[in-house]
Structures are given as structure tokens and as C-alpha cells.
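Peer 1: Structure provided below as C-alpha cells; questions to follow.
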Amino acid sequence: MKPLSRRVYALASISLIVVLFVTVNIVSNIWLRSARLDLTEGGLYSVSAGTRAILSKLEDPITLRFYYSREPASGYASIVAYSDRVRDLLQEYVALSGGKLILEEIDPAPFTPAEDDAVAQGLSGAPTQEGENVYFGLVGTNTLNGNERIAFFDQNREQYLEYDLTSMIYRLSLPEKPKLAVISALPLAAGSGGLAAALQGTSRPFAIYQQLRDTYDLQTIDTSADRIPADISTLLVIHPAAFSDATQYAIDQFVMRGGHAIIFVDPYSEIAGQQTPPGSLDVGDKSSSDLKPLFAAWGVDYDPTKVVTDAQLAQQVQVGGAGGVPQVVDYVAWMRMTPDTFNLNDPVTGNLQLLNIASAGALKAHQGATTKFTPLISSSSNAMLMDAMQIRFTQRPQDLIRRFQATGERFTVAARVTGPAKTAFPNGPPKETKETTPAADSKDKTPLPDEIKESPDINVILVADSDLIDDRFWVQIQNLLGQQIAIPTSDNGALVQNLVENMMGSNDLISLRTRERNSRPFTVVEQIRRDAESRFLAQEQALQEKVTQTEASLRALQGQGGDPAANPQGQGAPVLSQAQQQQIDRFRRDLVETRASLRQVQANLRRDVENLGNLLAFLNIALVPLILSAAAIGIAFVRSRRRAHAKGM
């Protein structure tokens, strides 16, 4: 037989490659649709162990109805891509649930009963330029008439997609919401606007409080209560400002009987400070909180007059600079906590990435305490304690930086306290409790139960900051299609949820909410910026003082009278002598030069960072291609030499 030509072989090979390519794509679309290879550090796109655990524990069927308008959304590439991501994840959930999850996909095309159903389910439609609505949401139901929904999948929350889906399934899997008791001196339900906003009808609950209310059966305890209900197993205490002895006794007995408590105290609550009218005489009582007798009984030292300041973890704030030019400086009283400051071995903090904390206090184990004190969150070693009053009344963050002197000590901001402890009231209930028992305003009219003197194992978590629940430190509230969407910027909300779930014995959701972020801070750039800022502040202060002195001297000279003979009538502006006028001109020149130097110092503040950025850009854009090109040229040169050498043999 005549052998086939090379051209025929080539055409046949190309045809087989095309057929193989199409076959692989068809097979992968059918059988490998939900398969993925996650090569990111930290497994950003892998289903976490917490999700797998929750899905494996499902006992009753849960139905998920995924609403997605295919045709109206086809012109929006970002929505199409995100819908594939959501659909793939839902299908993976179904595969992991062992048949307990039922997924239904519904296309609510315009002017169809499916669109009416989407509206009836409370989903939000995004209007298109053609006048149609794009529905992109999820409705979940269980066999007990439970109903949960995601009105619209916001791409800004893609980082929290797994948490949103898994938490919905988790809530649907519970026969009833767990009970959580909350007692606080802060207006949690009214938010930062407080009572004034509530009276005007513009109040909005703190986002953390709203999340807790959605997840748990929230029981609010009055700040004057003399007991905690017996059916409560977990108690959340936020900013116990000026709590009475009776209320502290109630918390003490709750912990003594085995209840789990999460307590947020604060040496200076900025939330409470905003609620206090200017000039009020009781600012200190409401802006500072402490449970002194309880902390002493639990073996914890805490000074409610001291605030932790940290130069390394300081948050950046914008303030007015010289000449009215705004500048960004470090505010040492506000800390930006990173993984280096967390206890990585504790489930509530092990996977946190970022916390924003404001004017926090310091906790410390008391010498000789019977309890075990385990730090959860700590400052850096570049920190010191400042008076809370100093923080409260200092207007310029630069002034705090100038007074800052690091002690080299790391201060504990949050800690877990466990082990044997005795009551803080060894002599029985306080006098006010005895006189008012049973409490006149209490639903429970029975006498107080017998006092528990000691506990073999208390379980308490203490956090020396309450401002971390403030929305401005961790979340952005956006309106999307008439719905308020919370976009977290840090893990403050995750921390509170982790604490509650951990104390209730549920850890499955923790790993979902605190997944690693895509963005990573440039630590070297940040350190260069801090060093440049320190140099800038010193030079700025010196130049600003020179400007102030020059302006004062100039005003003094301009206000002096000159030679009386030059103005015999004593009328009009004073006439200056030639020497005085020359001195004024010299001062004016100095003032112009000093202000120019001040502007130059401000410009130099960003120069080091910009130079480093240019260097990094060169390394990423030019250097690597140059190295590869040089390597390719070198390999080509070596090969040519080898071929020449082979021919010469």
C-alpha cells in the first residue's frame, strides 16, 4: 500500500484533536460541572469543613428555590458569571447533603406566574434598560413552615456567599431558634442615633444586633433585673455602665450556676459618649463600664480608667493639616487588629483576619487566681496605656502620638476565663436586692433562689471594648433594590457571632464567616509609611511653631507706632520706621519660605511609598520579562554553539 503523506497525517491529527476537544468539553459540562481545583492559599473557593458538618447533620428535608431570570440577565456578564458561581455552589451542597437538600431552579420570565411567585416570596427585581426585572435570589423552606430568603445576591458579598447559604440552611435545620439573653446600657435596637433617632422614626438597629435577632430568640433583660431567667444558657452583656449591685448579683449567680457569659466592658465607650448630651455631669458614669466585684472574684484585673494605645496597629484617620490641607495620620487609640494579635489556637479567633477596635481597655490575670486566663486578642508590643480622660478630650491625634511612649508590653483586650471560682457576694445578696425581692417590675414574683457560693468551672469571655459593635467600625449599609444590605469591611460582626455560637456549643459556622480575604496588606509599604509619618510629624511641629512665632512677631511689629514726627496729627495707621519695615519684610520672606518648606515636608511624606510602588511595578512589569528574555537568549546562544561545535567535529 502507498504510504499516506505527511499532509494527510497532519489533517487527520488536527481533526482528532478537534473531536477530542469537543468531547472533553461536553463530558466536563455534564459530569464535572461542580468540580474545581482550588490553588489559592487558604482555600478561598473550597467548601469548608463547617459547611460539610452542617450538611451532614441535616435530619429533615430542606427545599431551596433558586430564582434566576435567564433572558433579562443575559446582557449583564457580571451577573451571569456570578449566577454560575451560586448555582455551582448550590449543586455542590446538594451533593454533600445526602439527599436532604432539594434544589429547584425557577426562571421568573417577565409577565409569567413564576415572576408573580418571585414577588410573592419577597425577592427583589433589578430593573434593566429594557424595562424588565432581573430576579436573582433564593428562598429556603423546611417541613416546619420555616422560611428564609436572600432577596438578591449582591456581588459585593461574594466573599460571604458560603456563609450566607450555609447560615440559611443552618437556621432552617433548627426546630426553633436558640435563646440568647442580652443586657446592655447601650441602645442596641435604636442604633447609634439613640433615643432621639427612635423618636424621629429614623433609628436603625446596630447591624450586629440585627444579625443576632435574625439568628436567635433574643431575650432582652432589663438593666435593673435581679435575676436571669432559668431557661437562659448564654448571656451577652454589652457595656454594663453603672449596673446596680442587684444586677451584678444576678450575673454572678447566672455564672455560678453554669451559665455561659460574654461580657463587653469599656474604659471609654464612644457610642455612649455620643448618646450623652454635651455638658452632662454624668458622662463618666455612662461612658465607662466595669464589673469590679465580679472581675475580682473571677481573677481578672481591669482598670476602667486606662485605654490601650498602639502605634503599630493604629488606624489611619484624616485630620486638618497646616494651611487647611487635610492629612492622614495614625490614631493610636483606634487599633486595627490583624492575625498576629489573635489567639490562633482558639476557635473564636483562630480564623479572624481583621478587627477594628476603638479606645479599648486592658485585661490581666490576677496573681494567685484560681481561674485560667487565656488571651484571645492582644495588642502589639509597641503599645502603652493612656488615661481615658486624655483620649476623650484630646482633639488632635498628633498630640497622642507625641505623648506616646511604648512600654514593650502586649496588653490583652479579650480573654477567656475558665475554672473554679467563688461568688463575688460571699455575704449573700446585696442589701438592695433583699429589700426589693421579689422585684416589683419583674415578671418573676418568686423569691430569689438560694445563693450558689462557688462553681467548679465557670465559662466566661471578656472583651474590653464595646465600640466594636458600632457599624462605622466594621460594616457599610447599602440600599439595594429597596433592601438594606450589610457589606462587612472587617470581622467585628464575625467575632460577636463566633463568641455566641461558641458559648452555645455550635462551632460549625465559625470557619465560614471568617474566611480569608482576597486582599492582603502591604506590610513593608505600611511600615515605610509609618516611618515617614513619624519624621513628618517632627518636622511639621518645628515648622509650624516657626510659622506661629513669625506671624506673632509680624503682628506685633505691625501694631507698633513709628516715628511720631512722621505722623504729627496722630491720625490713621501708625507709621513704621525704615528699620521696622525692613524687619517686617524679612519676617514675611521667612514666613513664605517656612510655609514652602512645610508643603515640601508634606509632599515628602508620600515619596518613600511612591518610590517603593514604582519599584514593585518595575519588578512585576519589566524585570520578570527581562529575566525570561535574557534566559531565552542565553539558551538560544548555547544551542547555537552546540550545533556549531557538532558540525565542526
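Peer 1: Heavy-atom accessible area of Phe393 with all protein chains present, probe 1.4 Å, nearest 10 Å²?
Peer 2: 140
Peer 1: Could I ask something else about it? At a 1.4 Å probe radius, carbon and sulfur cover how many percent of the accessible area of region 286-410? All intermediate terms of the calculation are to be shown ahead of the outcome.
Peer 2: Numbers: 2730 of 5530 Å².
Accessible surface attributable to carbon and sulfur in region 286-410 totals 49 percent.
Peer 1: Further question on the same structure: What percentage of the solvent-accessible surface of region 229-275, computed with a 1.4 Å probe over protein heavy atoms, is contributed by carbon and sulfur atoms? If you can, show how the numbers build up before the last one.
Peer 2: Details: 520 of 1080 Å².
C and S fraction of accessible area: 48 percent.
Peer 1: Continuing with the same structure: For region 52-201, with all protein chains present and a 1.4 Å probe, just round the carbon and sulfur fraction of the accessible area to a whole percent. Numbers along the way, then the final one.
Peer 2: Details: 3430 of 6950 Å².
Carbon plus sulfur share of accessible area: 49 percent.
Peer 1: So if R0 is 35 Å, what FRET efficiency would Gln316 and Asp457 give, r being the distance between their Cβ atoms, rounded to the nearest 0.05? Display every interim value, and only then the final one.
Peer 2: Working: r = 43 Å, r/R0 = 1.22.
Rounded to the nearest 0.05, the efficiency is 0.25.
Peer 1: Past 29 Å, Cα to Cα, is the threshold; run Lys177/Lys292; Lys179/Lys292; Lys292/Lys372 against it and keep the listed order. Working shown, then result.
Peer 2: Details: Lys177/Lys292 33 Å; Lys179/Lys292 27 Å; Lys292/Lys372 18 Å.
As for pairs spanning more than 29 Å Cα to Cα, those are Lys177/Lys292.
Peer 1: How far apart, in nm, are two points set 7 Å out from the Cα along the Cα-to-Cβ line at Ala114 and at Val592?
Peer 2: Simple spin-label model gives 7.5 nm for this pair.
Peer 1: Return the FRET efficiency for the residue pair Arg402, Ser74: r is the Cβ-Cβ distance, R0 is 56 Å, and the value is rounded to the nearest 0.05.
Peer 2: Numbers: r = 60 Å, r/R0 = 1.07.
Efficiency, rounded to the nearest 0.05: 0.40.
Peer 1: Using the heavy atoms of the protein chains alone and a 1.4 angstrom probe, what is the accessible area of region 224-273 per residue in square angstrom?
Peer 2: Values: 1060 Å² over 50 residues.
That works out to 21 Å² per residue.
Peer 1: Now for a separate question. Give the distance, in whole Å, between the Cα centre of region 326-405 and the Cα centre of region 113-164.
Peer 2: About 40 Å separates the Cα centre of region 326-405 from the one of region 113-164.
Peer 1: Right, next: Taking a ≥ b ≥ c as the square roots of the eigenvalues of the Cα gyration tensor of region 285-421, is the shape rounded (a/c under 1.5), prolate (a/b larger than b/c) or oblate? Present the calculation step by step, with values, prior to reporting the outcome.
Peer 2: Numbers: a/c = 2.57, a/b = 1.69, b/c = 1.53.
Prolate.
Peer 1: Moving on to the next point. Please give the peptides 621-631, 166-176 ranked by average Cβ packing (other Cβ atoms within 10 Å per residue), highest first, as a rough proxy for protection. Don't jump to the answer; show the numbers that get you there.
Peer 2: Values: 621-631: 10.4, 166-176: 17.5.
So the peptides 621-631, 166-176, ranked by packing, come out 166-176, 621-631.
Peer 1: How much area per residue is accessible in region 363-430 when the probe is 1.4 Å and only protein heavy atoms are counted (Å²)? Numbers along the way, then the final one.
Peer 2: Values: 3430 Å² over 68 residues.
I get 50 Å² per residue for region 363-430.
The values are calculated or read from the model by the stated rules, or taken from the named source; none is laboratory data. All values derive from a computational prediction rather than experimental measurement. Note that we place each Cβ from the backbone using ideal geometry, even for glycine, and neighbour counts take in every protein chain shown. We work out accessible area using only protein heavy atoms, side chains counted, and drop any ligands, DNA or RNA first. Shrake-Rupley method; radii C 1.70, N 1.55, O 1.52, S 1.80 Å.
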